[in-house]
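Below you'll find the structure, written out as structure tokens, and then a few comments.
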């Protein structure tokens, strides 16, 4: 990914949020939540010295056609249904926010690309409110492709919280081969996860693998795309949410696809 020198204030903002940059190739914000007290803000910053145009599409976990019905408002740009076109001057910032009016919680993700091969940073801030009181708030960084992180630590011991894994792909036939290793590096369990024609996958670790009670070690994944055509981009993004008995979630980001497992359409 070609890095351009950012304006200092923009770089500081993104460093605080742990965001990565997005170029002309699509990238994902792996989780957007709206309704039942939740709203999500997506913050974009142009890190280049040239004007940029970012396109942000809000997609549900089962739809890829932009049909997720969200009330959106933006500080800059144009809203067309669940898609927002955001022009950004060099160093400029824009914020897109969901309305959070529905009684039921809906979950999805945001696909972002930039027209013109300029560097744009992005992160989402997910906030849960009870009336005017903020119950919890956390940030989710943009997940860049080819980040080479396909291993995460996992602690399922009593009192260590309940991890939920969130994966996103635009190749609906994506299959994940999972390997669990203990602290000594020994293989304990293998499994496969299937997207089954969805673009977003939610996995509760304790429910999915009850045989791993009190497990401490690592989870690794290898990704394949059975049935994908030559026009299909191969990307994966994700995060881990760890809930602790009603306390605010801990968020682990960076669950992305290694470069040797990824590809883009040749056209």
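A short reminder: the numbers here are calculations on the coordinates, not readings from a lab. None of the values given here were measured: they were computed from a predicted structure. Here the Cβ positions follow ideal geometry from the backbone for every residue, glycine too, while neighbour counts run over all protein chains shown.
Considering only alpha-carbon pairs that sit under 8 angstrom and 6 or more positions apart, the relative contact order computed for segment 148-218 is 46 percent.
Available extension along the chain between residue 104 and residue 228 is 41.3 nm, counting 0.36 nm per residue and deducting the alpha carbon span. Ranked for footprinting exposure by Cβ neighbours inside 10 Å, fewest first, 44, 212 give 212, 44.
The ranking of 78, 198 from fewest to most other beta carbons within 10 Å of each one's beta carbon is 78, 198.
Any idea what the relative contact order of segment 48-112 is, in percent, if you count C-alpha pairs under 8 Å spaced at least 6 apart? Computed over segment 48-112, the figure is 43 percent. Sorted ascending by nearby beta carbons within 10 Å, beginning with the fewest, 42, 55, 203 become 55, 203, 42. For segment 151-261, the convex hull spanned by the alpha carbon atoms encloses 104 Å³ per residue. Highest average first, the peptides 177-185, 68-76 ordered by how many other beta carbon atoms sit within 10 Å of their residues are 68-76, 177-185.
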